[in-house]
Amino acid sequence: MLKNLNPNYAIVLSTLLWGTWWYPLRLLNEYAYNNAIPLTLSFTIAGLFLLFFSYKNISKLTNRNLILTIVAASAGAAAMCLYNEGLIRGNVARVLIFFYLTAVWSTLIEIIFLKAALNIYRFFSISSGFIGLFIITGLDQGNFMPSTLADLFGILSGFLWSICATLIRINEELDVNFGTSVFILIGGLFVVIATFLPDGQILSGFNYDILKNTILIILIFAFIWLLPGYWLVTYGQDQVDPGRAGILLMFEVVIGVISSYLLANEIITIREFIGAVFVMSAPLIEIFAGNKLNKSAA
């Protein structure tokens, strides 16, 4: 499945889908009257479809590969679950910006668990991300924590995705098709689990009328957003340097801000823009650090 696709292009293509992901998600939620079953069906259909083309490879996978794939998929599914909840409930731009603190979380994971050195560049990268976070939350006004659940979900989703991305990178034997199918199927499970969150989607009241109203959106979301979006980002992040991947993925923020303005009349404030500059500078500093260190080593 597109195995000759340049992984850098794969990530850029994925940003077109992730940056507009909020629109079919909200549309599906609206037509389903906040019922979670149509969204669960989208995940299930897309996951089973891809699993059909990859199940033959399961017998070739090592135990380590399977464990890493399942743990990474679980972290990624939880991340996307919270990401979805944030996009349904809150401002698209804010959720996207908070999600992209993932670059900071990834750096911290590498330092704490993978024994990477904490040099001056990584220090500034981490600092830049947190400065951006606190600008948006309003630390100058005494607000240390995010003010809404949507903002909190954006931050937590970025943290969980950084765990997922780290596990993808260290899994040298990753089967992209199988891994993506597991991601999506576990994602459907987390959609159900998310109904226990405060003011979340519900499971009761699903009927034929809701299915009739949403079936087209279910299929469109499954085969145009879910399946390609997950596959492209899994394929790309498995092969691209994490810093470069972080930079390429930032196109999602631009696409999300523009699409939410055009389609939902959501406007990014000056405070959010300044905070976004700091947050999105974090992976740029990390890339600069990597280049400096490579030149020094040479």
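What to note about this one:
- Per the conditions (1) more than 30 Å from ASN207 (Cα to Cα); (2) in contact with a Pro (Cβ under 8 Å, 6 or more places away or on another chain); (3) not β-branched (Val, Ile, Thr), the sole criterion not satisfied by ALA32 is (1).
- Any hit, the stretch 29-36, residues being assigned to a helix (DSSP H, G or I), modelled with pLDDT of 95 or more, at negative phi and not aromatic (Phe, Trp, Tyr): yes
- In the stretch 53-64, the residues that are in contact (Cβ under 8 Å) with a residue 60 or more places away in the chain and in a helix (DSSP H, G or I) form Cβ pairs under 7 Å with partners that are of a type outside the set (D, E, K, R) and surrounded by 12 or more Cβ atoms within 10 Å (Cβ to Cβ), at six or more places apart or across chains, as follows: ASN57/PHE178; ILE58/PHE178.
- Residues (of a type outside the set (A, V, I, L, M, F, W, C) and within 23 Å of ILE163 (Cβ to Cβ)) located in the stretch 55-86: THR62, ASN63, ARG64, ASN65, THR69, SER74, GLY76, TYR83, ASN84, GLU85, GLY86
- Qualifying residue in the stretch 283-293 (condition: part of a helix (DSSP H, G or I), at pLDDT below 90 and under 17 Å from the mean Cα position of the chain (by Cα)): yes
- Sub-8 Å Cβ pairs linking a first residue in the stretch 257-278 that is outside any helix (DSSP H, G or I) to a second residue that is among the hydroxyl-bearing types (Ser, Thr, Tyr), at least 6 apart or interchain, are GLU266/SER260; ILE267/TYR261; ILE268/TYR261, ordered by first then second residue.
- Criterion violated by GLU85 - all others in (1) under 16 Å from the mean Cα position of the chain (by Cα); (2) at pLDDT below 90; (3) among the acidic types (Asp, Glu) satisfied: (2)
- Residue within the stretch 224-238 that is over 21 Å from TRP161 (Cβ atoms) and touching a helix residue (DSSP H, G or I) at 6+ places or on another chain (Cβ under 8 Å) present: yes
- Screening PHE153 with (1) at pLDDT below 95; (2) touching an Asp or Glu at 6+ places or on another chain (Cβ under 9 Å); (3) within 24 Å of PRO38 (Cα to Cα); (4) of a type in the set (Phe, Trp, Tyr) gives one miss only, at (1).
- Selection count where residues are closer than 18 Å to PHE190 by Cβ and surrounded by fewer than 24 Cβ atoms within 10 Å (Cβ to Cβ), scope the stretch 83-104: 2
- Filter pass, THR15 being surrounded by 21 or more Cβ atoms within 10 Å (Cβ to Cβ), assigned to a helix (DSSP H, G or I), among the β-branched types (Val, Ile, Thr) and modelled with pLDDT of 95 or more: no
- Scan the stretch 91-107 for residues that are over 17 Å from ALA245 (Cβ atoms) and out of contact with any Ser or Thr (no Cβ under 7 Å at 6 or more places or on another chain) and the total you get is 5.
- Scan of the stretch 134-154 for residues that are surrounded by fewer than 22 Cβ atoms within 10 Å (Cβ to Cβ), assigned to a helix (DSSP H, G or I) and either small (Gly, Ala, Ser) or within 19 Å of the chain's Cα centre (by Cα) (or both), ordered by number: LEU149, ALA150, LEU152
- Single match in GLU266, GLU252 (criterion: of a type in the set (D, E, K, R), within 26 Å of VAL104 (Cβ to Cβ), buried (at least 22 other Cβ atoms within 10 Å of the Cβ) and out of contact with any strand residue (DSSP E or B) (no Cβ under 8 Å at 6 or more places or on another chain)): GLU252
- The set of residues in the stretch 10-60 being touching a Gly at 6+ places or on another chain (Cβ under 8 Å) and of a type in the set (Lys, Arg) is empty.
- Per the conditions (1) closer than 29 Å to ILE70 by Cβ; (2) in a helix (DSSP H, G or I); (3) at pLDDT 95 or above, the sole criterion not satisfied by THR214 is (1).
The values are calculated or read from the model by the stated rules, or taken from the named source; none is laboratory data. Quick caveat, the model's predicted, so the values are computed rather than measured. Neighbour counts are summed over all protein chains in view; Cβ atoms, including those assigned to glycine, are modelled from backbone coordinates with ideal geometry.
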